[in-house]
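Novice: What follows is a single structure, and I will ask about it in a moment.
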Amino acid sequence: MENTPKKGIKGLIENWHSDLIAAVSVALIALPLSLGIALAAGAPAMSGIFSAVIGGVVTTLYRGGHISVNGPAKGVIGVILLGIVLMDDGSGQAFNYVLAAVVISGALQMLLGILKLGRLADIFHSSVIHGILAAIGIIIFAKQIHVAMGTHSDSPSIIQNLIDAVIYLPQANPFVLIIALTGLLLLLFHSKISYRFFHLLPAPMWVIALSIPLVYAFNFFDQHTLSFLGRTYEVGPNLLLDIPDNIMDSIMFPNFGKINTIEFWTTVFSILIITSIESLAIAKAVDKIDPYRRKTDLNKDLTGIGFSTMVAGFIGGLPIIAVIIRSTVNIHNGAKTKWSNMYQGLLLLVFIVVLSPIMRQVPLCAFAILLVYTGFKLASPAVFKQMYNQGTEQLVFFIGTMILTLYTNLLVGLVGGLILALITHMLLAKVSIPQFFKMVYKSRTKLIKRPDGSYDLKIRGIANFLGILKVDKLVAQIPDGADVNIDLSDTRLVGITYMDFLVEYLKMQKATGGQVYITGLDSHVSSSTYNRALKLSLTSSNVKLSQRQKRLRNLATEKDYEFVSQIDWNTIYLKKFHFFEIRPIERKYNCLRGSFEDLNVSWEIADVTFNEGQAFTAETFNTTLIVLKLNKKIPVFTLEKEAVLEKLFDRVMAFTGYKDIDFEMYPDFSKKFLLMGNNESEIRSFFTDEILRFFENHQIYHLESNGEAIIIFNKIKLARTDETIAFIDYAKELATLLDTKANL
């Protein structure tokens, strides 16, 4: 790994080129999304631009993060809509009242950071937060689907908005709908198109760019009617984005006239809670994909974002948070320091000034379809499936919070969801209410330092979201690099949010060189196989292997392999492969280990759970893979099936200096496989005639070399026993071939 980039001005001087290049891509994505988010929130379009520019310029000057990007995000849409509805008194000042709430919430956020209360976000139950985000997704979808269809719903009810979308579908404006559906197809298939030209611009910019020719074709610039299937439809300038000629005309000022009302403070705390939780969660998500493994100072980040939010509120901008999509693009395009965030803010300002005549030709439905797509992803069936896979009770918390939020507001939804989770924990623990809280706050959880310098963290009682702050104080006393054993054997209940905290700590401590073990859960049971699922202690229960685990154990016994069914949290080595470098790994388990002694090659087969996607909308996948440690140097490369529509095998490498390496003498190989790497001459030398024929004549796997080892896997699912045996046979044949090649 390269040396960690320098900080401050030295970092700016050293990395300005790579940071600026990355910022161009980020700004191109931020431009349409910032405008769309503002429109979806019922705010002037320029409010989103102001927020993105301030998030880039002001936040960079004082922040705890290293490579994240700040600006408006989808999470703020719901809270701004809520504020406008609550404080609309008919005076036309509703948004100005909301700006005042934005300023106050920013000040309170600064205070939280100064008082080092950033960790307060950890006590909010994860399933409850997902429920709120799903509700926000539904709110976005319900509001923007009408803009994308060219219809209108007058109902203040989100559910009625959704019903009206179905009722009014026959009345949809086909000329608006054509533009929206074209944009939707681009969003769905942009990443799956292999033609490099389509990757010169990010998908949101293609949606905007390709909508403009259709605007000219239908002449949205003049108010008139068009006929379609015997019916006439109105089109005109009211369907286009409205941006003032002078940016200064877009500045709006806060009105503090409602500061003594309950509606004002409901809006303030809704903004504060949602933006703080989302910013802190995304900051930790960005840390996971930072190639330099740097850690965000959460309290400093909260202070910086709070100050930027205050500045934004004073000139008409939306609340500011860390934004996961833009941060991911920033990292994947080679950004190294915080200055890339400033560059994207400045570039965005330049873009909106230079491109404003063009942006006025963009139809509102193009922005709407971007938000419809985003809203759907937040509340898609995949999200419900993910929650169910984490446990039946998590699905209950999730749906309960979501429904409560939709029928009341974000603040009530959050509090109600937490109460629902707390009551459920009490019922599952089967203890009295006083005893429950005693087992949370007076549980005799303690930290013990052993003579060899390692630590035992003995957790007792109820380990749920209420107890996270207490355990956080204990782990803060453990020095970096120390070995830690976390013993949960004396717990009655271990919640999913508590497990999230322990696993995150485990990963952080291991990154400093310490070994961390989570033990004592053998007598606990849960409603899900998810490793972080809520767990209850039933001392009379025995841990039973699944039928698949029994077959693997029998295979190990028969072949003299080593088999361990328990979770192995040490997944650092897998991060040395490109596929897992950019995908957070949850766990490794059901590990089968052996060696080909005559070849001096060891191998390990394991089930691996990893995430694909961003933060709250990430999907969880399971695969079985084999790691073949060759104990010799080989080129770094990726070999995968040549398939345009492959779901997970990303093409990032193909657009960052890598290219498909073909062999003219072996057309079948070149047709079947996509071979990529940054040292073409070494790779061509490595892929001899024998190796090329080997791959041509065997089953097509995904292979990847990190220079000393190869990972091999086939499908994004767990392997059957016969497939596991085939893995071993394939790996041995390949290792034998490579050994023969080395001895020639």
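Novice: For Ser157, Ser537, Ser681, what's the largest-to-smallest order of accessible area, 1.4 Å probe?
Specialist: Output order, biggest surface exposure first: Ser681, Ser157, Ser537.
Novice: Taking every DSSP beta bridge with both residues inside the chain, roughly what % is antiparallel (nearest 5)?
Specialist: About 85 percent, rounded to the nearest 5.
Novice: Next up: Considering only protein heavy atoms and a probe of 1.4 Å, how much of the accessible area of the chain is carbon and sulfur, as a whole percent?
Specialist: 60
Novice: What whole number of Å gives the distance from the Cα centroid of the stretch 485-533 to the Cα centroid of the stretch 551-617?
Specialist: Cα centres, the stretch 551-617 to the stretch 485-533: 19 Å.
Novice: Give the accessible surface of the chain per residue, rounded to a whole number of Å², with probe radius 1.4 Å and ligands, DNA and RNA excluded.
Specialist: 43
Novice: In addition: How many percent of all Cα-Cα pairs in the stretch 271-390 sit more than 17 Å apart?
Specialist: In whole percent, the long-distance tail amounts to 71.
Novice: Taking all protein chains together and a probe of 1.4 Å, list Arg492, Arg444, Arg294, Arg551 from the most accessible to the least accessible.
Specialist: Largest accessible area first, the list is Arg444, Arg551, Arg492, Arg294.
Novice: Candidates (i) 82, 74, 57; (ii) 80, 73, 51; (iii) 100, 60, 57; which is the computed Cα extents along the principal axes in Å?
Specialist: Evaluating Cα extents along the principal axes in Å on these atoms matches (i).
Novice: Could you rank the peptides 140-152, 599-611, 23-35 by their average count of other C-beta atoms within 10 Å per residue, with the highest value first?
Specialist: 23-35, 140-152, 599-611
Novice: Can you tell which of Leu502, Leu395, Ser595 lies farthest toward the positive end of the dipole of the chain, using +1 and -1 charges on the Cβ of basic and acidic side chains (Lys, Arg; Asp, Glu)?
Specialist: Leu502
Novice: How much mean residue ellipticity at 222 nm does the chain get from its helices, if each DSSP H run of length 4 or more adds -39500 (n - 2.57) and you divide by all residues, to the nearest 500 deg cm²/dmol?
Specialist: Calculated mean residue ellipticity at 222 nm is -16500 deg cm²/dmol.
Novice: Could you report the accessible area of Arg326 in Å², rounded to 10, computed with a 1.4 Å probe on the protein chains as they sit in the structure?
Specialist: Accessible area of Arg326: about 10 Å².
Novice: Let's see if you can work this out: charge +1 on each Lys and Arg Cβ, -1 on each Asp and Glu Cβ, no other charges. What is the dipole magnitude of the stretch 391-535 about its Cα centre, in debye to the nearest 20?
Specialist: That gives a dipole near 460 debye.
The values are calculated or read from the model by the stated rules, or taken from the named source; none is laboratory data. Source: prediction; values computed, not measured. No Cβ is skipped: glycine too gets one built from the backbone with ideal geometry, and neighbour counts run over all protein chains shown. Heads up: the accessible areas ignore ligands, DNA and RNA and are worked out on the full protein's heavy atoms, side chains in. Shrake-Rupley method; radii C 1.70, N 1.55, O 1.52, S 1.80 Å.
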